[in-house]
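Heads up, the thing below is written out as structure tokens.
Throughout, read-outs are computed from the coordinates displayed, never taken from laboratory work. Just so you know, these numbers come straight off a predicted model, no measurement behind them. Every residue, glycine among them, receives a Cβ derived from its backbone with ideal geometry; neighbour counts consider all protein chains shown.
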Amino acid sequence: MGKYNFDEVIERRGTGALKTDALAERFGRDDLLSAWVADMDFATPDFIREALIERISGNPILGYTIEPADYKPSIIDWERNLHNWELKPEWLSYIPGIVKGIGMVINVFTKPGDDVVIMPPVYHPFRITAEENGRNVVNIPLIEDSRKRYFINFDALENLQTLGGVLLLSNPHNPGGRMWTEDELKRLADICKKKGLLVVSDEIHADMALWGKTHVPFATVSEEAASNSITFCAPSKTFNIPGIVSSFSVVPDEEIRSQFYGWLAANEFGDAPLLSHIATISAYRKGEEWRKEMISYVESNIRYVEDFCRENIPGVSALRPDASFLVWLDCRELGLSHDELIDLFVNKACVALNDGEMFGKEGAGMMRLNVAAPRATLEKVMNRIKNAVAELRKEEQ
């Protein structure tokens, strides 16, 4: 029995939670069980909440603030201890969100019409942010092998005609959960350096490596990677604090850093709100025990989903992720169209998941399930899917 209780069911409806209070707007009905938005249904760790309460109650003035002395050291120690990544203080800057950071990089380092390379199926804001900023999105789809695992299409990248632009990397991969190997990242770094593609590595799920695996930060694999990359990280996914924007960037190369951080400073985007620093320091100084217990609970939930699908839901299989609490459900054997699959989950099962085509057409027939929830909640979700598929099979007979 661990120190923390991940079985506690917490009511989120009526709290302004995107996961529950936007159901009617996003799915057309509000009676769904939510397993879509990538935040947890676990209580934010008590040591983070206590640090925030202490600051708010300890001084009645919530005025302008400076960066605490321990902010960057807490990040440096965390990255060293967990990822064996030795950072320098000048490499670091607060950013007001990772998707916002991607938009900032696109605007600082490219102009309208320039190429932004993505590798779908992939986190959908990669495409949306690039398109909405008037950039040319170049899709290099991942390769899926016979075991349903994704791999980078290096041959297609090598054949790119582009000279310059940005490549957006999801590391670890969202939604498929792949953790890229050092060799894969080295090869990607070599190609991008040669092609003049600045790599933006989104590593927000990096602290949630599962099954004893080790995350490899992109910038650590070679000089080509370190000299041609911007890495975005945050404690938000790991410690369930996405409502407190706590993202930061890591830029080892002095020229890239000067250009990007100079632009952040000119627009005051590098100045964090009062509570962001406090939450980050508390998470990284006190959070390792909680992180390990959370990962153990998530692993147990993933095993439960794998077993449940295999034993109870013919036509649906769970692809085991290397990292994070997001599970890619393969529903292709059901033989449904996109609209039929959405209807099955939303209107028949009454559950809210992210549909695979949101991440690109390469995600057709897939659904993304968030398993960072109390087991009792997850059991309800899975049983609803089971019953809906059973009814579908009856109708087909």
Quiz item: What are the GluC sites (Glu not before Pro) within the range 50-128 that DSSP puts in a loop, where the Cβ has at most 16 other Cβ atoms within 10 Å?
Solution: Glu86
Self-check item: Proximal lysines relative to Lys361, as straight alpha-carbon distance under 21 Å, when same-chain residues fewer than 8 apart are discounted
Solution: Lys148
Quiz item: What are the principal axis extents of the Cα atoms in the range 310-397, in Å, biggest first?
Solution: 38, 32, 22
Quiz prompt | When the range 79-187 is reduced to its Cα atoms, the Kirkwood hydrodynamic radius in Å | solution = 15.5
Quiz item: Roughly how many nanometres apart are two label points built 7 Å out from the Cα toward the Cβ at Glu11 and Asp145?
Solution: 4.9
Quiz item: In the range 1-64, if every C-alpha pair distance is counted and binned at 10 Å from zero, what percent goes to each bin?
Solution: 17, 34, 28, 19, 2
Exercise. Determine one quarter of the surface area of the Cα convex hull of the range 94-153, which equals its mean projected area, and express it in nm² to one decimal.
Key: 4.7
Self-check item: Gyration tensor over alpha-carbon atoms, the chain, equivalent ellipsoid semi-axes in Å
Solution: 33, 28, 19
Quiz item: Whose amide H sits under 5 Å from the amide H of Ala323, counting only residues 5 or more places off or on another chain, with H placed in the peptide plane?
Solution: Leu210
Practice problem: Can you pull a Stokes-Einstein diffusion coefficient for the range 9-120 at 4 °C (1.567 mPa s), Rh from Kirkwood over Cα pairs, as a whole number of µm²/s? | Solution: 69
Quiz item: Order of Ser236, Ser296, Ser146 from fewest to most other C-beta atoms within 10 Å?
Solution: Ser146, Ser296, Ser236
Practice problem: Would you compute, for the Cα atoms of the range 62-286, the largest minus smallest coordinate along each principal axis and list the three values in descending order, in whole Å? | Solution: 52, 42, 30
Quiz item: Between Asn107 and Asn136, what length comes free when the chain is fully extended (0.36 nm per residue of separation minus the Cα-Cα distance, one decimal in nm)?
Solution: 9.2 nm
Quiz item: What area, in nm² and to one decimal, does the C-alpha convex hull of the range 165-219 cast on average over all directions?
Solution: 3.7
Quiz item: Taking the range 213-280, which trypsin sites (Lys or Arg not before Pro) meet the DSSP loop condition and have no more than 15 other C-beta atoms within 10 Å?
Solution: Lys213
Practice problem: Return the loop-located chymotrypsin sites (Phe, Trp or Tyr not before Pro) in the range 160-260 (DSSP other than H, G, I, E, B) with at most 13 other Cβ atoms within 10 Å of their own Cβ; answer none if there are none. | Solution: Trp211
Exercise. Show that you can apply the helix-only estimate: for the chain, add -39,500 (n - 2.57) for every DSSP H stretch of four or more residues, divide by all residues, and state [θ] at 222 nm to the nearest 500.
Key: -12000 deg cm²/dmol
Quiz item: Given the Cα-Cα distance of Glu391 and Thr181 and 0.36 nm per residue of separation, how much length would full extension add, in nm?
Solution: 71.4 nm
